[in-house]
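Working notes, beginning with the structure itself.
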Amino acid sequence: MTAPLFKDLSKTAGDVLNDDYDFSRKLKIKSKAANGVSFTTEGALSNNKAILAKVSGGFTHGGSGVVFKKLQITTQGRLVTEAELPNVLTRGLNLTFKLEDGSVAKNASAKQVGVLGAEYKQDKFSFNSEADFVGNSVKAAGVFKQDNFLVGGQAAFSIDKSALTEHNVGVSFVGGDFATSVVTKKNFGALSASFHHKLSAHTIYAAVLDYDLKSASNTLNVGGRYKVDADTTYAGKINSEGFVSLASIQKIRPFVTLTTSVHVDAKNFEGDSHKFGLGLTLG
């Protein structure tokens, strides 16, 4: 197994607690052409009853080897491009590129993105860096692997401010059927401890504890995923604030999957923080 990137030190636990839950009303259609080009069309009903949709495509350019992971346009006029050139000069070295326009004036979160990155992964070491041409910043991270232990760190430097804007470290231990990690966040202002355990071929358990060193506040998320069979998966989680989430992923036909999610405030059933999501994926 190659050494993971720093951002992936606690990814397995985070995926168990986040991937299966979607509280929107969504329809997704996925297809693949005979020449290998994949298409994804997705529409979701927002809280203000507006339909937000996006169309994405992906393919590999045979001549250059460039993998276009995402070529996307949204109903908000957003254009997104993500591409990768794998195994440049040597095996394990990949160049990445991300570009998003900032044409959506009404959406404050729609910021322009222009990032050129590099990732290098080997058995004992991984390194990645990004140059943000819009934000004028440079990021770098590295992870060393020794037996079952992983130790890494990340840093970001702002060219405009001529200052270090981000610095964090992390350590992880990976066993045969479990993984645990401790990663600093907010420039050593917070800690995130995670645990992921594959109890059996059908059951996975995960927990994440986030602790703020300045306020001494903490949040614990505990959950799991149970795969009944090839067509049915159930997931559930609860956090220390009393929020309970459940999800069901059911393949009702070979190319039709129905996903339902519910989020309940167990401490305040009369409140309005409850959520329900329904998704249908074709393809």
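The values are calculated or read from the model by the stated rules, or taken from the named source; none is laboratory data. If you're wondering where the values come from, they're calculated on a predicted model, not measured in any experiment. As a convention, Cβ positions derive from the backbone with ideal geometry for all residues, glycine included, and neighbour counts pool all protein chains shown.
Looking only at the stretch 237-283, filter to residues that are more than 23 Å from SER31 (Cβ to Cβ), among the basic types (Lys, Arg) and at pLDDT below 95; which one of those is surrounded by the most Cβ atoms within 10 Å (Cβ to Cβ)?
Our first condition is that a residue be more than 23 Å from SER31 (Cβ to Cβ); within the stretch 237-283, this holds for 237-248, 260-277.
Now narrow it down to the ones that are among the basic types (Lys, Arg): 237, 267, 275.
Still in the running and at pLDDT below 95: 267, 275.
Numbers: LYS267: 11, LYS275: 17.
Residue satisfying both the conditions and the ranking: LYS275.
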| request: Would you kindly identify the strands (runs of 3 or more DSSP E) lying entirely within the stretch 45-97 that contain at least 1 residues that are touching a residue at least 24 places away in the same chain (Cβ under 8 Å) and surrounded by fewer than 16 Cβ atoms within 10 Å (Cβ to Cβ)? | output: 51-60, 79-85
| query | Which of the residues belonging to the stretch 53-84 are on the phi < 0 side of the Ramachandran plot, in contact with a strand residue (DSSP E or B) (Cβ under 8 Å, 6 or more places away or on another chain) and of a type in the set (Gly, Ala, Ser)? | reply | ALA53, SER56, GLY57, GLY58, SER64, ALA83
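Where in the stretch 116-170 are the strands (runs of 3 or more DSSP E), entirely inside, with at least 2 residues that are in contact with a strand residue (DSSP E or B) (Cβ under 6 Å, 6 or more places away or on another chain) and β-branched (Val, Ile, Thr)? Please lay out each step first, then the result.
Working: elements: 125-132, 137-146, 149-158.
Correct list: 137-146.
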| Which one is farthest from PHE6 (Cα to Cα) among residues in the stretch 176-191 that are in contact (Cβ under 8 Å) with a residue 60 or more places away in the chain and touching a Leu at 6+ places or on another chain (Cβ under 7 Å)? | SER181
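Within the stretch 140-184, count every residue that is among the basic types (Lys, Arg) and at pLDDT 95 or above. So that I can check it myself, show each step before the final result.
Let us first name the residues in the stretch 140-184 that are among the basic types (Lys, Arg), namely 145, 161.
Filter again for at pLDDT 95 or above, leaving 145.
The total comes to 1.
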| query | Of all residues in the stretch 190-208, which are more than 18 Å from LYS237 (Cβ to Cβ) and modelled with pLDDT of 95 or more? | reply | ALA190, LEU191
| task | Determine the pairs where a residue that is under 10 Å from THR232 (Cα atoms) and among the basic types (Lys, Arg), located within the stretch 248-271, has a partner that is modelled with pLDDT of 90 or more and loosely packed, with under 14 Cβ neighbours inside 10 Å with Cβ atoms under 8 Å apart, the partner being 6 or more residues away or on another chain. | result | LYS251/ALA230; LYS251/ASP231; LYS251/THR232
| request: Would you please list the contacts, defined by Cβ atoms under 6 Å and residues six or more apart or on different chains, that run from a residue in the stretch 217-238 that is more than 18 Å from ALA207 (Cβ to Cβ) to a residue that is among the charged types (D, E, K, R) and outside any loop (DSSP other than H, G, I, E, B)? | output: ASP231/LYS251; THR233/LYS227
| query | So VAL113 fits all but one of (1) within 10 Å of PRO4 (Cα to Cα); (2) surrounded by 14 or more Cβ atoms within 10 Å (Cβ to Cβ); (3) at pLDDT below 95; (4) not aromatic (Phe, Trp, Tyr); what number is the exception? | reply | (1)
| note | All-but-one check, ASN94 against (1) under 24 Å from ASP132 (Cα atoms); (2) at pLDDT below 95; (3) touching an Asp or Glu at 6+ places or on another chain (Cβ under 8 Å), failing number (2)
